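Trainee: My structure is below; once you've seen it, I'll send some questions.
The values are calculated or read from the model by the stated rules, or taken from the named source; none is laboratory data. For clarity, every value in this text was computed on a predicted model and none was experimentally measured. Positions of Cβ are generated from backbone atoms using ideal geometry, with glycine treated the same way; all protein chains shown enter the neighbour counts. Accessible surface areas use protein heavy atoms only, side chains included; no ligands, DNA or RNA. Shrake-Rupley method; radii C 1.70, N 1.55, O 1.52, S 1.80 Å.
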Amino acid sequence: MTCTKTPTVSVVVIAYNDAGLVGEAVSSALAQGPVVGEVIAVNDASTDGTGPVLDGLAALHPRLKAVHRSENSGGCGTPRNDGIEAATSPYVLFLDSDDVLPAGAAAALVRAAVRHRAPVTAGTCVRRELPGGREVPWVPGLYTPGEVIDRPVDRPELVRDTLCVNKLYDRAFLNEHGIRFPDGRFVYEDFVFTARLLAAAPRIAVTGELVYVWHVRRDAARVSISLDREDVGNWRARVEAHRAASRIINESSPELGRACQVKFLEHDLRMYLRELGGDPDYQAAWWTLTRDYLAGFTDADIEAAAAPARWIVRALRACEAPPAPADLRRLIGFAADPPRLPPPYATGRDGAAVWSDTLPVELDGLAELGTGELPVTVDAEPLGSGGLRILVHDLYGRLAPAGPRSVQLSFLPREGGKPLFAEPAELRLAASGGHWTAELPFRLTTLAAAGRGAGRRGMQAWDVQASVECADGSSLLTSPRPLDSLLHRRVLPSSRYGVLLAQPYRTAGGSLAVRLAPGAGGVMSLVRDRLHRLRRAGRSRVPRGARR
């Protein structure tokens, strides 16, 4: 067993104008124990109290070294490079000033690195939404705890993990191969760092331990560089970072290069498309930039992508400017996760399924998709005062052979926690054909009470999912699309709360979600949430998406 009491890790913390949070980050690094020989905090010429905070902490903790830059670099790459140069321990670990390392992270990474003689060791990372605390795993299923990847080319899907902070690096390996971050204001700098790392073909060990907690503060007065999406510049920066990363990786391995291209189509492109927003100027600029970049992708790159990404690329290439609003809304909804393609369903002259009559892009490979892969649309509309009518649309006749039999709604708390399940309801084929319907209760007072019983106070926010079970044993899971008639705020009497304010709404991707405000305290929470969202909308013309 490797001893982790020997100082072997330099934790590099970067900070800019983060006096209120950097102390927590530094403390989480120092709390890792003796395995951390030093914490190097690089202050990127902050203009608030970050510098004095770090100096004060350094005076109390001999393991903390504060490095002060005289000029702001404009990005995250340069201060990280400064930290690497200042490091003296065999291993380096990166930490941002608004995130934290969980207890035991450094020791777990070192044990795996030494046991397997691996220059790179990866661990589990979660995105923690604040202030709610909801945690979302980063690239779930990509790694298997305990595995050792001798060569990155053996696992091309590694290109999907672009983070630099959930890994431990052998400092000598970084120096030997000249692996550094791009300097200056280079957004998504870890795309390029990771590309250089993969191109050097290190052995990669995996620990199943949680090693990084990535805090996401969407309502912060000053959002992170990569969350600053006031104009198309953020998308341009992501495109340029991917262009550089793809070139580096492709030069070392065409197979990894192809995987990098596919990752862009299946992840980056869809993420930004589903958050395109309604600003015509932004849409036009985004459309032009995206089409210009996609023109450089080969047919083989596009063919290697999954069906939804292929269809989106072909639709984008077919239109020089954003299409008619109906087609644009369908594209945005289709970029959701999971994707959905609503009616009407059109066919080309040869009878092949196409995107629409106005955009006859062939949906190749549709016949080969399994039931769970079909981009089926499930609509939800009100049924009286306390129920829902669910409509499950057939998709070019592909769903009918499976025999849709029942549908069940589930409610997922946005702040994290276990979902709640409604009773399943029988699906019946509509007389006109083409879709199935079910009627089921939509008792929001019951949902609010269940949330309260689970310890949720104040406003509750729930995402809604629909599971369709079929007679042939197959199933599909998707997010219902609320019809306009459902999107009305309701004030409901409640024996427990006196009053319940309910607001079904449509997410950026077009999915059904519900906000509930039980009692007077809940109503005030809903009002405060509404004010937060209005202020956030005033800061940006488009929705802010995931940093990576």
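Quick grid of which residues meet (1) hydrophobic (A, V, I, L, M, F, W, C); (2) closer than 25 Å to L512 by Cα:
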| site | (1), (2) |
| --- | --- |
| A300 | yes, no |
| E303 | no, no |
| R330 | no, yes |
| G333 | no, yes |
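Trainee: Look at A367 and say whether it is over 23 Å from L486 (Cα atoms) and in a loop (DSSP other than H, G, I, E, B).
Mentor: no
Trainee: I'd like to check something: does region 47-70 contain any residue that is crowded, with 24+ Cβ neighbours inside 10 Å, of a type in the set (D, E, K, R) and within 31 Å of the chain's Cα centre (by Cα)?
Mentor: Looking through region 47-70, none of the residues is crowded, with 24+ Cβ neighbours inside 10 Å, of a type in the set (D, E, K, R) and within 31 Å of the chain's Cα centre (by Cα).
Trainee: Please go through region 171-192 and give me each residue that is surrounded by fewer than 21 Cβ atoms within 10 Å (Cβ to Cβ), of a type in the set (D, E, K, R) and not in a loop (DSSP other than H, G, I, E, B), ordered by number.
Mentor: Correct list: R171, E176.
Trainee: Mind checking which residues of region 290-323 are β-branched (V, I, T) and in a helix (DSSP H, G or I)?
Mentor: T290, I302, I312, V313
Trainee: While we're looking at this one, here's another question. Being at pLDDT below 85 and in contact with a strand residue (DSSP E or B) (Cβ under 9 Å, 6 or more places away or on another chain) narrows it down to one residue among L429, L487, L492, L477; which is it?
Mentor: Exactly one of L429, L487, L492, L477 is at pLDDT below 85 and in contact with a strand residue (DSSP E or B) (Cβ under 9 Å, 6 or more places away or on another chain), namely L492.
Matching residues to (1) β-branched (V, I, T); (2) assigned to a helix (DSSP H, G or I); (3) at pLDDT 95 or above:
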| residue | (1), (2), (3) |
| --- | --- |
| L198 | no, yes, yes |
| R218 | no, no, no |
| R229 | no, no, no |
| R236 | no, yes, yes |
| A241 | no, yes, yes |
| I249 | yes, yes, yes |
| A259 | no, yes, yes |
| K263 | no, yes, yes |
| G277 | no, no, no |
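Trainee: In addition: For region 305-319, which positions are of a type outside the set (G, A, S) and open to solvent by 10 Å² or more (accessible area, probe 1.4 Å)?
Mentor: Answer for region 305-319, where residues must be of a type outside the set (G, A, S) and open to solvent by 10 Å² or more (accessible area, probe 1.4 Å): P308, R310, R314, R317, C319.
Trainee: With respect to L501, is the statement that it is open to solvent by less than 20 Å² (accessible area, probe 1.4 Å), under 24 Å from R134 (Cβ atoms) and either touching a Gly at 6+ places or on another chain (Cβ under 9 Å) or not aliphatic (A, V, I, L, M) (or both) true?
Mentor: So L501 fails the test.
Trainee: A further question on this structure: When the residues of region 112-133 are narrowed to those that are outside any strand (DSSP E or B) and more than 21 Å from P413 (Cβ to Cβ), which ends up most open to solvent (accessible area, probe 1.4 Å)?
Mentor: Taking the candidates together, the pick is R117.
Trainee: Residue by residue through region 37-63, note down the ones that are assigned to a loop (DSSP other than H, G, I, E, B) and under 14 Å from P79 (Cβ atoms).
Mentor: Selection gives D44, A45, S46.
Trainee: Given the structure, is A335 open to solvent by less than 10 Å² (accessible area, probe 1.4 Å), touching a residue at least 12 places away in the same chain (Cβ under 8 Å) and out of contact with any strand residue (DSSP E or B) (no Cβ under 9 Å at 6 or more places or on another chain)?
Mentor: So A335 passes the test.
Trainee: When the residues of region 353-369 are narrowed to those that are without any contact (Cβ under 8 Å) to a residue 40 or more places away in the chain and acidic (D, E), which ends up surrounded by the fewest Cβ atoms within 10 Å (Cβ to Cβ)?
Mentor: Top of the filtered list is E368.
Trainee: Being assigned to a helix (DSSP H, G or I) and in contact (Cβ under 8 Å) with a residue 40 or more places away in the chain narrows it down to one residue among L168, L158, L210; which is it?
Mentor: Being assigned to a helix (DSSP H, G or I) and in contact (Cβ under 8 Å) with a residue 40 or more places away in the chain holds for just one of L168, L158, L210, which is L158.
Trainee: Among the residues of region 1-46, count how many are touching a helix residue (DSSP H, G or I) at 6+ places or on another chain (Cβ under 9 Å), of a type in the set (A, V, I, L, M, F, W, C) and open to solvent by less than 10 Å² (accessible area, probe 1.4 Å).
Mentor: Looking only at that region, the number is 14.
Trainee: Now, a different point. If you check T446, T478, T437, which single one turns out to be free of Cβ contacts under 8 Å to residues at least 40 places away in the same chain and polar (S, T, N, Q)?
Mentor: Just a single option satisfies the conditions, and that option is T446.
Trainee: Being open to solvent by less than 50 Å² (accessible area, probe 1.4 Å), in a loop (DSSP other than H, G, I, E, B) and either of a type in the set (A, V, I, L, M, F, W, C) or without any contact (Cβ under 8 Å) to a residue 24 or more places away in the chain (or both) is true for just one of V376, V392. Which residue is that?
Mentor: Matching residue, one of V376, V392: V376.
One line per residue, one yes/no per condition, for (1) farther than 30 Å from L130 by Cα; (2) polar (S, T, N, Q); (3) under 31 Å from the mean Cα position of the chain (by Cα):
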site: G397; (1), (2), (3): yes, no, no
site: A402; (1), (2), (3): yes, no, no
site: E415; (1), (2), (3): no, no, yes
site: E426; (1), (2), (3): yes, no, no
site: T437; (1), (2), (3): yes, yes, no
site: A450; (1), (2), (3): no, no, yes
site: L477; (1), (2), (3): no, no, yes
